[in-house]
Amino acid sequence: MNWLIAHRVASIAAANLHHRLGLPEDGFVDVFEALRRSGLMVAGDEMPSLFGAYMPPGRGRHGGILLNSTMSEATIRHTGAHELGHAQMGHERCLADGPDLFSGLPRNKWPDEEKQAEAFAAWFLMPIRAVKTILTRLGLDIPREAADVYQLSLHLGTSFRGAVRHLQHLHMATPDVAAGWRSVQPARLRARVSGQTGQPPARVWDLTSLTDGSDLHVEQGDRLIVRTPRLSDRPTFTGPAAVMMLANPHAVELDEGAEFDIAGNIDLPSPLTVTSPAGQTLWSGTLMPTPEDRRGLLAAAHKPLLVGPRNGARR
């Protein structure tokens, strides 16, 4: 099976699962909710020699997946979607060794099941309606440069390079253009957007009036740059305690916007509103946290966690 056929099969399977589970196709996709609704047990722990694994259901037991919690949240989401693809396409037990999926194997040598699962992950996390919706929110019809792809990946909750690969399949980038984007290190993009060359923040959101009203799935360590003209040099904001406004922003002048750091965990969906000194709302968005029952899948939690197939309870 070549990659073209794998993507055709996977795109249909991903669309069918979206429809069956009633998941949105125009924005961020909650892969862990999909795993739960699909009846799969999810276990995350520090397993540096294991990328992920899928165990099919058997007599008297649920199917399940194992995730390496030492990876970034975007990579864990992608791995979860990859293993979900194995389940949806009826594959047998699949195990990926090492911290990077088939890093030592050329993509044209991947087993058919892995091609299908990898393609499923891309279509499931980045359905074309979601990509187009977010590009519109960014003021774009197609990405023009690597920085556009980086911002797209933040809103979708995917990796930068995963987004680059999928844009080729969506015919939004030629192979040569995509190769050029892949050569750019995300750290360079973060430094460029944040205005900090020494130690840029872990992730940097570039937000404008077009992103007003967006749900932002943020993480501790994120920098939010909100470009809001008419703010004057005395900006004010309302938001959760974990959000800190920079007194001396790096990327914008005080009368052109404001910058915020996510300095701690956000426990509930929380509005962030930027206002003028006169009390006029100039920009607002909702900060969406990683739910408490999934933080154990992230390396910062340093503990194993099982998410059950029905109620999500800790086990």
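The values are calculated or read from the model by the stated rules, or taken from the named source; none is laboratory data. What you see is a predicted model; the values in this text were computed from it and never measured. Neighbour counts are summed over all protein chains in view; Cβ atoms, including those assigned to glycine, are modelled from backbone coordinates with ideal geometry.
Select from the stretch 249-261 the residues that are buried (at least 20 other Cβ atoms within 10 Å of the Cβ) and closer than 13 Å to V274 by Cα and write down the one among them that is nearest to the chain's Cα centre (by Cα).
So the residue we want is F260.
With the checklist (1) modelled with pLDDT of 95 or more; (2) assigned to a strand (DSSP E or B) in hand, flag the one item A178 doesn't pass.
Looking at each condition in turn, A178 falls short on (2).
All but one of (1) over 30 Å from L66 (Cβ atoms); (2) touching a Leu at 6+ places or on another chain (Cβ under 9 Å); (3) touching a residue at least 24 places away in the same chain (Cβ under 8 Å) hold for D233; which doesn't?
(3) is the only condition that D233 fails.
Kindly indicate the residue of the stretch 205-235 that is of a type in the set (S, T, Y) and buried (at least 16 other Cβ atoms within 10 Å of the Cβ) and also farthest from the chain's Cα centre (by Cα) among those meeting that condition.
Filtering the stretch 205-235 for residues that are of a type in the set (S, T, Y) and buried (at least 16 other Cβ atoms within 10 Å of the Cβ), the one farthest from the chain's Cα centre (by Cα) comes out as T228.
Take the residues in the stretch 16-34 that are small (G, A, S) and in a loop (DSSP other than H, G, I, E, B); name whichever of them is nearest to the chain's Cα centre (by Cα).
G27
Can you find a residue in the stretch 168-175 that is in a helix (DSSP H, G or I), farther than 23 Å from E259 by Cβ and under 20 Å from the mean Cα position of the chain (by Cα)?
The answer is yes, given that some residue of the stretch 168-175 is in a helix (DSSP H, G or I), farther than 23 Å from E259 by Cβ and under 20 Å from the mean Cα position of the chain (by Cα).
Return the residues of the stretch 219-230 that are outside any strand (DSSP E or B), in contact with a Leu (Cβ under 8 Å, 6 or more places away or on another chain) and under 19 Å from S194 (Cβ atoms); say none if nothing qualifies.
Correct list: T228 only.
Give me the strands (runs of 3 or more DSSP E) completely within the stretch 249-312, filtered to those with at least 3 residues that are out of contact with any Lys or Arg (no Cβ under 9 Å at 6 or more places or on another chain) and modelled with pLDDT of 90 or more, ordered by residue number.
270-275, 281-288
Look at the stretch 237-248 and say how many of its residues are part of a strand (DSSP E or B) and surrounded by fewer than 16 Cβ atoms within 10 Å (Cβ to Cβ).
So the answer is 2.
Taking interchain pairs and intrachain pairs at least six residues apart, which have beta carbon atoms under 7 angstrom, with the first residue in the stretch 128-154 and assigned by TED's automatic domain parsing to the domain that holds L167 and closer than 20 Å to R182 by Cα and the second crowded, with 17+ Cβ neighbours inside 10 Å and among the polar types (S, T, N, Q)?
Matching pairs, first to second residue: S153/S159.
Hey, among the residues in the stretch 116-159 that are among the aromatic types (F, W, Y) and under 14 Å from A14 (Cβ atoms), which one's surrounded by the fewest Cβ atoms within 10 Å (Cβ to Cβ)?
Checked the stretch 116-159; the qualifying residue surrounded by the fewest Cβ atoms within 10 Å (Cβ to Cβ) is W123.
Given the options F51, F28, name the one that is among the aromatic types (F, W, Y), in contact with a Pro (Cβ under 8 Å, 6 or more places away or on another chain) and not assigned by TED's automatic domain parsing to the domain that holds Q168.
None of the other options fit; the residue is F51.
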